[in-house]
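Worksheet for the structure shown next.
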Amino acid sequence: MSKYESYLLFFASKLGRRSFTLVKGEGRVMISAPHSAEQTRNGRKKYGEYLTGVLANMLHDELGCPIICKTKNCKDDANYDEKSRYKQKLKKYVIKNKIGYLIDLHQMNPQRPEGIAVGTGEGRNISADPGIADRFVKCFEDAGIDGVAIDKPFSAINPNTVSSFIARECGIPCVQLEFNTRLLSKRYSECRYDEILSSMAKLIKELNGDANG
């Protein structure tokens with residue numbers, strides 16, 4: 001069984017005993033996957049975006065970067081609720097370990113025409129490094145991935161999103177990446193998971209260099 005399959009099995013099996021897991025790592029780029037388990041928003045249960053947890057863990061395996069992933073639905077939504085243990089734990093880690101960038105991973109419905117949305121909160125969440133959004137667009141386009149846009153159809157403008165909260169509380173650039181499920185799931189012929197993984201790994205290495213410079 002591949003790492004991709006084993007991680008997918010874990011996140012889809014709903015076996016998490018804790019609300020989330022934080023794995024320490026090296027470097028100043030941190031990965032977040034607040035929807036890698038089912039969520040409950042306004043009393044309604046929403047499907048888990050399991051492949052974001054897969055991607056976060058495989059980036060950790062390859063780069064050793066710190067990650068935080070939701071592993072159990074506790075009738076909450078870490079990317080929507082005003083109060084969130086997930087966000088508070090993440091904030092403490094970011095500050096204590098002098099994290100320089102946060103990348104927050106999400107999936108969008110496969111029926112959507114868009115490929116990848118680079119959410120910046122209409123620029124508010126990346127004010128410490130305004131050029132970071134274009135670098136994400138370029139990294140995916142260089143990998144031959146089409147349909148990459150900034151703040152469309154999701155911008156992460158809500159103040160309770162993980163990226164908005166950490167940008168505001170910690171003063172670092174935070175990017176929300178929304179991947180069309182067709183690009184992440186190997187059930188689809190359009191899947192570009194390997195290209196996404198490799199292009200993100202390359203950019204994270206570059207960002208670590210920038211943060212340490």
message = Of Ser127, Cys174, Cys69, which is farthest towards the positive pole of the chain's charge dipole, taken about the Cα centre with +1 and -1 on the beta-carbons of Lys, Arg and Asp, Glu respectively?
response = Cys69
task = With only Lys, Arg, Asp and Glu charged, each at its Cβ (+1 for the first two, -1 for the last two), find how big the charge dipole of region 3-212 is about the Cα centre; round to the nearest 20 debye.
result = 1160
task = Would you count, across region 1-81, every pair of lysines whose alpha carbons are under 14 angstrom apart, provided the pair is eight or more residues apart or spans two chains?
result = 10
inquiry  = If I model a spin label at Asn42 and Leu9 as a point 7 Å from the Cα along the Cα→Cβ vector, what separation in nanometres do I get?
reply    = 3.8
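State to the nearest 20 debye the size of the charge dipole of region 21-62 about its Cα centre, where the only charges are +1 on K and R beta carbons and -1 on D and E beta carbons.
Working: 6 positive and 5 negative charges, 76 e Å.
Dipole magnitude for region 21-62 comes out near 360 debye.
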key: Positive-end residue, region 58-213 charge dipole about Cα centroid, Cβ charges, pick of Tyr101, Val118, Phe140   = Tyr101
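Quote the relative contact order of the chain in percent (integer), defining contacts as alpha-carbon pairs under 8 Å separated by 6+ residues. Walk me through the intermediate numbers first.
Working: 433 pairs, mean separation 47.5, N = 213.
Across the chain, relative contact order equals 22 percent.
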query = Per residue of the chain, what 222 nm ellipticity follows from adding -39500 (n - 2.57) for every DSSP H run with n ≥ 4, rounded to the nearest 500?
reply = -11500 deg cm²/dmol
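Placing unit charges on C-beta atoms (Lys and Arg positive, Asp and Glu negative, everything else neutral), compute the dipole magnitude of region 88-213 about its Cα centre in debye, rounded to 20.
Values: 17 positive and 16 negative charges, 122 e Å.
Approximately 580 debye in magnitude.
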query = Once Cα extents along the principal axes in Å is worked out from the coordinates, which option in (1) 41, 38, 31; (2) 48, 36, 31; (3) 45, 44, 33 does it equal?
reply = (1)
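Output the antiparallel fraction of DSSP beta bridges having both residues in the chain, as a percent to the nearest 5. Let's see the in-between values first.
On the way: 11 of 28 bridges.
Here the antiparallel bridges make up roughly 40 percent for the chain.
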request  = Check the straight Cα-Cα distances from Lys138 and name the aspartates and glutamates below 20 Å, setting aside those fewer than 8 residues away within the same chain.
outcome  = Asp104, Glu114, Glu122, Asp129, Asp146, Asp151, Glu178, Glu190, Asp194, Glu195, Glu206, Asp210
Kirkwood Rh and Cα Rg combined as Rg/Rh, region 144-213 = 1.02
key: Linear extension gain, Asp61 paired with Ile95, 0.36 nm per residue minus alpha-carbon span   = 9.9 nm
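The numbers here are math on the coordinates, done by the rules we state, and not lab data. Bear in mind that the values here come from a model prediction, so they are computed numbers and not experimental data. Every residue, glycine among them, receives a Cβ derived from its backbone with ideal geometry; neighbour counts consider all protein chains shown.
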